[in-house]
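Below: the structure, in structure tokens.
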Amino acid sequence: MVLADAGNDVVVHARRNEIAEAINTRHENPNYLPGITLPPTVRATTDPAVALADADVAVLSIPAQTLRTNLTTWAPFISADTVVVSLMKGIETDTGLRMSELIAQVADLPTERVAVLSGPNLAREIATRQPAASVIACVDEKVAERLQNASLTSYFRPYTNTDVVGCELGGAVKNVIALATGLSSGLGLGDNATALLMTRGLAETARLGQVLGADPITVSGLAGVGDLVATCSSPLSRNRTFGEHLGKGMTVAEATAVMTQTAEGVKSADALLALARRHNVEMPITEVVVAVIDGRLTAREAADLLMSRTPKPERYGV
């Protein structure tokens, strides 16, 4: 919708015939955004080759853990001049790769043709054309500017950045911290606890970003603080909602069953923790979230464990 409102022709690859038909005939995706009318310049097909034919830009927005399998199928249809944009906020479980790294590897693309978009972008609000901003990051600043122009509308304001690492880490870690704030809410804890988790979660992002070469300023921007605030605070946040279910006593299987869309933090938390341990980075909130997901801690035990940690300076290194 954003790309179409910015004046582009858009072809969506839909997995199911009924979704493609609804988009083409009713200009609506009834499964995910019922009641939202899509621009007539948005079309849909179930054929990835048709969707990617002559595409200037290919935007990937699927669950992070399914990217490798799907992209292996799609890669032959990506032309030599197509720029690939990742909207995914996760880390591949088995490899610890960020999504831009995975795209470059599987599709055999130079990093200059891979970009990421990240920021406080709750889908329902954007779909109703409420004001929002984001960051488009690419190592080639000209490519980022090209994508900025292609997605600028009266309600969606993209900024450019060359710090792909920082933007992707901000998006991946905030999902795990949102699970933690959801756990806290499910336990009935207050706003002080939420602020504590958000702030110390930001510190975890900054420490991991430091060793992976991210720009500290990125962490304080839209892809860091901005995305963290929206995802940890809003009832529209899938990760926060999933955490609330766990905090109220649901199992992971039960919470998954009542969710209609993927909560990326559930799958990426373990990969992030493994990445942090590989680089000797302390991420205590991420660690207890993983333990809750694995069933080794209850939500209450996780809260007690975090509050009983040895006192430290507010700022300490890796």
For the structure I just gave you, tell me whether G171 is crowded, with 21+ Cβ neighbours inside 10 Å and assigned by TED's automatic domain parsing to the domain that holds T262. yes
Inter-residue pairs, beta-carbon under 8 Å, first more than 13 Å from L208 (Cβ to Cβ) and in the range 265-278, second of a type in the set (A, V, I, L, M) and surrounded by fewer than 19 Cβ atoms within 10 Å (Cβ to Cβ), 6+ apart: V266/V252
Would you check if there is a residue in the range 301-312 being β-branched (V, I, T), more than 24 Å from L189 (Cβ to Cβ) and surrounded by fewer than 13 Cβ atoms within 10 Å (Cβ to Cβ)? no
Residue that is nearest to the chain's Cα centre (by Cα) [pool: residues in the range 101-119 that are farther than 19 Å from A144 by Cα and part of a loop (DSSP other than H, G, I, E, B)]: A107
Residues in the range 41-50: is at least one aliphatic (A, V, I, L, M), in the same structural domain as I62 (by TED's automatic domain parsing), touching a helix residue (DSSP H, G or I) at 6+ places or on another chain (Cβ under 8 Å) and part of a helix (DSSP H, G or I)? yes
Quick one: is T260 among the β-branched types (V, I, T), more than 22 Å from the chain's Cα centre (by Cα) and exposed (fewer than 15 other Cβ atoms within 10 Å of the Cβ)? no
So the check is Cβ under 8 Å with 6+ separation or different chains; which pairs have a first residue in the range 13-29 that's closer than 8 Å to A44 by Cβ and in a loop (DSSP other than H, G, I, E, B) and a second one that's hydrophobic (A, V, I, L, M, F, W, C) and modelled with pLDDT of 95 or more? A14/A20; A14/I23; A14/A44
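Table: residues versus (1) touching a Lys or Arg at 6+ places or on another chain (Cβ under 9 Å); (2) more than 26 Å from S237 (Cα to Cα); (3) without any contact (Cβ under 8 Å) to a residue 12 or more places away in the chain; (4) not in a loop (DSSP other than H, G, I, E, B).
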| site | (1), (2), (3), (4) |
| --- | --- |
| G96 | yes, no, no, no |
| N121 | no, no, no, no |
| R129 | no, no, no, no |
| V139 | no, yes, no, no |
| K142 | no, yes, yes, yes |
| R146 | no, yes, no, yes |
For the range 243-255, indicate whether the set of residues that are within 24 Å of V135 (Cα to Cα) and either hydroxyl-bearing (S, T, Y) or touching a helix residue (DSSP H, G or I) at 6+ places or on another chain (Cβ under 9 Å) (or both) is non-empty. no
Among (1) at pLDDT 95 or above; (2) surrounded by fewer than 18 Cβ atoms within 10 Å (Cβ to Cβ), the one test that P34 misses: (1)
Name the one entry in T262, T231, T298 that is over 30 Å from P131 (Cα atoms) and β-branched (V, I, T). T298
Quick test for you: out of D56, D47, pick the one residue that is more than 14 Å from H13 (Cβ to Cβ), surrounded by fewer than 17 Cβ atoms within 10 Å (Cβ to Cβ), over 19 Å from the mean Cα position of the chain (by Cα) and at pLDDT 95 or above. D56
Filtering the range 105-119 down to residues that are without any contact (Cβ under 8 Å) to a residue 12 or more places away in the chain and under 20 Å from D215 (Cβ atoms) yields none
Taking the range 263-296, which residues are of a type in the set (A, V, I, L, M) and surrounded by fewer than 19 Cβ atoms within 10 Å (Cβ to Cβ)? A274, A291
Can you give me the number of residues within the range 65-98 that are over 22 Å from G213 (Cα atoms) and either in the same structural domain as L179 (by TED's automatic domain parsing) or of a type in the set (K, R) (or both)? 1
Just to be sure, is L67 part of a loop (DSSP other than H, G, I, E, B) and either within 21 Å of Q261 (Cα to Cα) or at pLDDT below 95 (or both)? no
When residues of the range 70-99 are limited to those that are small (G, A, S) and either more than 23 Å from the chain's Cα centre (by Cα) or at pLDDT below 95 (or both), the one surrounded by the most Cβ atoms within 10 Å (Cβ to Cβ): G90
Any chance P131 is within 27 Å of A75 (Cα to Cα), outside the structural domain of N239 (by TED's automatic domain parsing) and surrounded by fewer than 21 Cβ atoms within 10 Å (Cβ to Cβ): no
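The values are calculated or read from the model by the stated rules, or taken from the named source; none is laboratory data. Since this is a predicted model, take the numbers as computed values, not measurements. Ideal geometry is used to build each Cβ from the backbone, glycine not excepted, and the neighbour counts take in all protein chains shown.
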